[in-house]
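In what follows, a structure is listed as structure tokens, so that the remarks can point back to it.
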Amino acid sequence: MGAFHRKTAVWIAVGAALAGASRTMAQEPKYVPEAEEAALAPPPDMGFNPWVTIGANVSFGHNRSVVGKADGQNWTLGGSLDTGFDYQVGSHDWRNRLQVLETFTYGPPIDEFVKSADQVTLGSDYYYKIPAVPWLGPFARFLLDTSLFPGEDVQVTYDTQWSKDGRVIRTGKRIQLTDPFLPLTLKEAVGLFARPLSRPVVEWEFRAGFGSVQVFADGQMALTGALTDVDGDGVQEREVQDLHSYVQAGTEVAMTLQGKVVGDRVGYLAFAEAMTPFLRQKRTGDDRGAFRMTNVNLGVQVSFGLTSWASLDYQFRAVRQPQLIEAFQIQNLLLLTFKHSPVAKRTPPD
């Protein structure tokens, strides 16, 4: 009987241990490799995915006897177009986009509509995702950047003088600086991309490779300074300089961060790219080195969706093209945009 009781006690202890283990396993989440793989998997193929969004922006203000403000009406009118298509199937990711933004401002003391924003951008990017490493692969890129309307400098008085190389070239109220569609910039690049994050809320991309730039700007001009009274006679004078066409090629690196958050109500895009031209077309007397001629393009875009048909949009852009003009070209825009999307872009599930 003693041996029997000892065996019974052993089996009872083993059973209690197994029951405790089963309760512990039931309480703790079980590791499921398939679930983790699904969470890390790239978004599903979207196939052919076109979109068209048409926008209009307007603002109005009126001042009368306001300290520090000129009396009169202030208007801002503009329009925008954002259209294109993506094609994402298997290892192929082809992205195409056309963006147009036009804004005109009216107000004292000039009291006529003057162009304040004029951007036309056409881009096409192709990525091949290596099947074994889908976040890495070769890419090819093309970009066109220009403007639709002539560029002018408009002043208050009719005796403003514009000078070039110390010589007055025009006296009046306005001067045309650029023609429609000029300057025109074309960019091409090939290399490798890495996309460690690729979700609707955040897509993080790096690119590195060989790039080339062609700028068409012969016969165009740019402002180089503010209005000054050089001779002290009350006549305002402003310096301009000639722009010239050129071709460059060299190494290029870039980074892009974009996505949509807050239930797709807030969209954001931040990008930075630099191209150092080890090969370039030089003008007589231009002995600047490749690193001093590095082209830089920085930008931030944020869109706050107020309703399905209105958004508050902010854009910042800083461009350095030292072979075209030494100074950084900086632009800030804040717009209330009313928009309509006859063709809406589909978004993969997060």
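Can you tell me which residue among PHE104, PHE48 is within 29 Å of ALA318 (Cβ to Cβ) and more than 19 Å from the chain's Cα centre (by Cα)?
Result: PHE104 is the single residue among PHE104, PHE48 that is within 29 Å of ALA318 (Cβ to Cβ) and more than 19 Å from the chain's Cα centre (by Cα).
Contact list please: Cβ distance under 8 Å, first residue in segment 155-176 and at negative phi, second residue charged (D, E, K, R) and in a loop (DSSP other than H, G, I, E, B), pairs at least six apart or on different chains.
That search, which allows pairs on different chains as well, returns GLN155/LYS173; VAL156/LYS173; THR157/LYS173; TYR158/LYS173; THR160/LYS173; THR171/ASP159.
What are the residues in segment 102-136 that are of a type in the set (A, V, I, L, M, F, W, C), in a strand (DSSP E or B) and under 23 Å from VAL156 (Cα atoms), if any?
PHE104, VAL114, ALA117
Which one is nearest to the chain's Cα centre (by Cα), of the residues in segment 51-74 that are surrounded by 11 or more Cβ atoms within 10 Å (Cβ to Cβ), of a type outside the set (A, V, I, L, M) and outside any strand (DSSP E or B)?
LYS69
Select from segment 185-205 the residues that are closer than 26 Å to GLN321 by Cα and of a type in the set (S, T, N, Q) and list them in ascending order.
THR185
Would you check which residues across segment 227-243 are in contact (Cβ under 8 Å) with a residue 60 or more places away in the chain and either among the hydrophobic types (A, V, I, L, M, F, W, C) or closer than 30 Å to ARG288 by Cβ (or both) and list them?
Those that are in contact (Cβ under 8 Å) with a residue 60 or more places away in the chain and either among the hydrophobic types (A, V, I, L, M, F, W, C) or closer than 30 Å to ARG288 by Cβ (or both): LEU227, VAL235, GLU237, ARG238, GLU239, VAL240, GLN241, ASP242, LEU243.
Looking at segment 103-116, is at least one residue under 29 Å from TRP204 (Cα atoms) and surrounded by 14 or more Cβ atoms within 10 Å (Cβ to Cβ)?
no
May I ask you to list pairs of residues, at least six apart or on different chains, whose Cβ atoms are under 6 Å apart, with the first in segment 189-213 being more than 13 Å from LEU136 (Cα to Cα) and the second being part of a strand (DSSP E or B) and of a type in the set (Phe, Trp, Tyr)?
Sorted first by the residue in segment 189-213, then by its partner, the pairs are VAL190/PHE210.
Please find, within segment 137-183, the residue that is nearest to ASP125 (Cα to Cα) out of those that are assigned to a strand (DSSP E or B) and of a type in the set (D, E, K, R).
For segment 137-183, the residue satisfying everything is ARG141.
Out of VAL247, VAL343, VAL262, which single residue is over 28 Å from SER116 (Cα atoms), surrounded by fewer than 16 Cβ atoms within 10 Å (Cβ to Cβ) and in contact (Cβ under 8 Å) with a residue 60 or more places away in the chain?
Result of the check over VAL247, VAL343, VAL262: VAL343.
Among the residues of segment 309-332, count how many are under 22 Å from ALA56 (Cα atoms) and either modelled with pLDDT under 90 or not aliphatic (A, V, I, L, M) (or both).
Final tally of qualifying residues: 9.
Give segment 286-304 a look and list any residue that's part of a strand (DSSP E or B) and either in contact with a Phe, Trp or Tyr (Cβ under 6 Å, 6 or more places away or on another chain) or at pLDDT below 95 (or both), or say none.
Of everything in segment 286-304, those that are part of a strand (DSSP E or B) and either in contact with a Phe, Trp or Tyr (Cβ under 6 Å, 6 or more places away or on another chain) or at pLDDT below 95 (or both) turn out to be GLY299, VAL300, VAL302.
Going by the conditions given, is THR146 closer than 17 Å to ASP313 by Cα and surrounded by 15 or more Cβ atoms within 10 Å (Cβ to Cβ)?
No: the conditions fail for THR146.
What are the pairs, 6+ residues apart or on separate chains, where a residue within segment 57-78 that is at pLDDT below 80 has its Cβ under 8 Å from a residue that is aromatic (Phe, Trp, Tyr) and part of a loop (DSSP other than H, G, I, E, B)?
Pairs found: none.
The values are calculated or read from the model by the stated rules, or taken from the named source; none is laboratory data. Computed from a prediction, not measured in an experiment: that's the story for all the values here. No Cβ is skipped: glycine too gets one built from the backbone with ideal geometry, and neighbour counts run over all protein chains shown.
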